[in-house]
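Take a look at the structure below.
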Amino acid sequence: PGEFLLPHAITTDSEGLVYVADRTNWRVEIFSPEGEFLRQWTHIGRVFGVVYAADGYFYTVDGTHGRVTKLDPSGRVVGFFGTTGKGWGQLSEAHDIAVAPNGDVLVAQLDGRVQLFTKD
């Protein structure tokens, strides 16, 4: 804890806490604004990307399992979507994630695709 093997993405929440996706160690590490290690999430797969969204939730993308996971601020899984594959709506080598202010989710993949998943 507090050290990385492959830090791959970073985000901050509304309180200034720092969340780092440590892809190779299959976790998200959480730090104070001053850099003090606080805790880690190890239950959400191999996290390639993490983002704190305007709705107050975190979204992670797991490129190994082709899945987006939504978490509350405590790290509890609220839901997930996605399957592995190369078709539309499937996530193959998902690599990064962004959430638009309206709640739409965008996932960038290593195969050059960016997929948009609308909130509705």
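Values quoted throughout were computed directly from the atomic coordinates according to the rules given, and no laboratory measurement underlies them. Remember, it's a predicted structure, so these values are computed and weren't measured experimentally. For neighbour counting, all protein chains shown are included, and Cβ atoms are generated from backbone atoms with ideal geometry for every residue, glycine included.
Computed values, structure above
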| item | result |
| --- | --- |
| Net +/- balance of residues flanking residue 56 in space, Cβ distance below 9 Å, scoring K and R +1, D and E -1 | -3 |
| Where GluC sites (Glu not before Pro) fall in DSSP loop in the stretch 29-120, at most 16 other Cβ within 10 Å | 34, 36, 93 |
| Amide proton proximity set for residue 95, modelled H, under 5 Å, gap of 5+ | 108, 109, 110 |
| Point-to-point label distance, residue 13-residue 72, nm (Cα→Cβ direction, 7 Å offset) | 1.1 |
| For the chain, built as a Gaussian network whose Cα springs stay under 10 Å, the top-fluctuating residue of 43, 95, 65 | 43 |
| Cβ-based net charge around residue 20, under 11 Å, with every Lys or Arg adding one and every Asp or Glu removing one | -1 |
| Lys/Arg +1, Asp/Glu -1 at C-beta; the stretch 1-53 dipole; positive extreme among 52, 8, 18 | 8 |
| Sparse-neighbour loop sites [trypsin sites (Lys or Arg not before Pro); the stretch 38-120; at most 12 other C-beta within 10 Å; DSSP] | 76, 86, 119 |
| Neighbour cut-off at most 11 other Cβ (10 Å), DSSP loop, chymotrypsin sites (Phe, Trp or Tyr not before Pro), the stretch 73-120 | 88 |
| Label-point gap, in nm, between residue 32 and residue 88 - each point 7 angstrom along Cα→Cβ | 5.0 |
